[in-house]
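Since the structure comes first, as structure tokens, the remarks are kept for the end.
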Amino acid sequence: MSANLDPELLRTFVAIVDHGGFTAAAAQVHRTQSAVSMQMRRLEEVLDRTLFAREGRGVQLTVEGEALLGYARRLLKLHDETIAALTRPDLSGTVSLGTPDDYVDRFLPEILASFARTYPRVMVNVVCEPSSKLRLLLAEDQLDLALVTCTPGNEGGEVVRREPVVWAAAERHLAYECDPLPLALFQSGCVFRDWALAALSQLGRPYRIAYTSASTTGILAAVSAGLAVTVLGRSVLPAGVRALRAEEGFPPLPTASISVLRGPRPHAASEQLVAYIREGFGREDAPPPLSLSPA
């Protein structure tokens, strides 16, 4: 007899991975920790595979668990799209989504296209502003949702991606060897700018801010031309621009969190869009070690 996969078992499995353990996942799926443990035992029985490898007081995914994760995400996405399409086909209205322009080209096209196919009567207005401005607009009830960049330990809302931040330069130019180092950075108040300047000051390396811009396009224009080095999320680097390595004199930078914040008046359409944002952004880094507590 072929195995049947219960979507709720898969949902709990994904929650364990995304939230770093059984305890945190229990709160997300609104179950007790012992119920979550029982669900995972049931999933392992259905598949006849071990999904978690115990390591001391924690657990990691086995090879089979890693394989299941990709399938589980795809199955849950299709499951949720099917339910949404058949039970809420008439959902309509407008969602105002704020985002820094870093993420627009890299993530939004696929997210918005997929959302529009399921909810053709919902209009999404996209507002591009820096994270600091988006927080203000959200507080003033001018946005329904905002994608913002957060520093480690100061995440708010729902984290949808961990984004490695890297030094970047044009592949065919040597701006990174110049002294003082020419920089293309976002305007004052940007955390990436602060991280870059603090790292260089700690190294004692001379620099000059050669270009500033409020947009990623402006920053990358200077970098691609070989005129400067910048600091950006790794996923937004275009062809012809590469991440610089520690052995080239550029120290590691913190990992940023990308969070989705909800406005003061969430509604059905905005909540559905959050699900598509969550899927579209995914997770860049490996999940943190899972903590397995007694059931």
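The values are calculated or read from the model by the stated rules, or taken from the named source; none is laboratory data. What you see is a predicted model, and the numbers here were worked out from it, not measured in a lab. Glycine gets a Cβ as well: all are built from the backbone with ideal geometry, and neighbour counts include every protein chain shown.
Being among the hydrophobic types (A, V, I, L, M, F, W, C), farther than 18 Å from residue 166 by Cα and part of a strand (DSSP E or B) is true for just one of 232, 261. Which residue is that?
Details: 232 fails: farther than 18 Å from residue 166 by Cα.
Going through 232, 261 in turn, just one is among the hydrophobic types (A, V, I, L, M, F, W, C), farther than 18 Å from residue 166 by Cα and part of a strand (DSSP E or B): 261.
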Report summary line: Over the stretch 40-99, the set of residues buried (at least 17 other Cβ atoms within 10 Å of the Cβ) and small (Gly, Ala, Ser) is 65, 72, 84, 96, 98
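Every residue, every condition in (1) modelled with pLDDT of 95 or more; (2) on the phi > 0 side of the Ramachandran plot, yes or no:
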residue: 202; (1), (2): no, no
residue: 207; (1), (2): yes, no
residue: 213; (1), (2): no, no
residue: 240; (1), (2): no, yes
residue: 269; (1), (2): no, no
residue: 283; (1), (2): no, no
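Among the listed residues 168, 146, identify the single one that is of a type in the set (Gly, Ala, Ser) and over 18 Å from the mean Cα position of the chain (by Cα). Give the derivation first.
Details: 146 fails: over 18 Å from the mean Cα position of the chain (by Cα).
168 is the lone residue from the list that is of a type in the set (Gly, Ala, Ser) and over 18 Å from the mean Cα position of the chain (by Cα).
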Query - Selection status of residue 274, closer than 23 Å to residue 142 by Cα and of a type outside the set (Asp, Glu) - result: yes
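Tell me, yes or no, whether the stretch 208-219 has at least one residue that is part of a strand (DSSP E or B), surrounded by fewer than 19 Cβ atoms within 10 Å (Cβ to Cβ) and over 30 Å from the mean Cα position of the chain (by Cα). Lay out the reasoning, then the answer.
Of the stretch 208-219, the ones part of a strand (DSSP E or B) are 208-213.
Okay, now just the ones that are also surrounded by fewer than 19 Cβ atoms within 10 Å (Cβ to Cβ), so 208-213.
From what is left, the residues that are over 30 Å from the mean Cα position of the chain (by Cα) are 208.
The answer is yes, given that some residue of the stretch 208-219 is part of a strand (DSSP E or B), surrounded by fewer than 19 Cβ atoms within 10 Å (Cβ to Cβ) and over 30 Å from the mean Cα position of the chain (by Cα).
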Query - Residue list for the stretch 112-132, filter: touching a residue at least 12 places away in the same chain (Cβ under 8 Å) and either more than 18 Å from the chain's Cα centre (by Cα) or under 12 Å from residue 95 (Cβ atoms) (or both) - result: 112, 115, 118, 119, 121, 122, 123, 124, 125, 126, 127
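Residues 50, 82, 32: which one is among the hydroxyl-bearing types (Ser, Thr, Tyr) and within 26 Å of the chain's Cα centre (by Cα)? Please lay out each step first, then the result.
Values: 50 fails: within 26 Å of the chain's Cα centre (by Cα); 32 fails: within 26 Å of the chain's Cα centre (by Cα).
Only one candidate qualifies: 82.
Going residue by residue through the stretch 160-171, is there one that turns out to be surrounded by fewer than 17 Cβ atoms within 10 Å (Cβ to Cβ) and modelled with pLDDT of 95 or more? So that I can check it myself, show each step before the final result.
So the first thing to find is which residues in the stretch 160-171 are surrounded by fewer than 17 Cβ atoms within 10 Å (Cβ to Cβ), and the list is 164, 171.
Then drop every residue that is not modelled with pLDDT of 95 or more, which leaves none.
The answer is no, given that none of the residues of the stretch 160-171 is surrounded by fewer than 17 Cβ atoms within 10 Å (Cβ to Cβ) and modelled with pLDDT of 95 or more.
Hey, any hits in the stretch 148-160 for a residue that's of a type in the set (Ser, Thr, Tyr) and under 17 Å from residue 281 (Cα atoms)? Quick ask: steps written out before the conclusion?
Keep residues of the stretch 148-160 that are of a type in the set (Ser, Thr, Tyr), which gives 149, 151.
From what's left, under 17 Å from residue 281 (Cα atoms): 149.
Looking through the stretch 148-160, at least one residue is of a type in the set (Ser, Thr, Tyr) and under 17 Å from residue 281 (Cα atoms).
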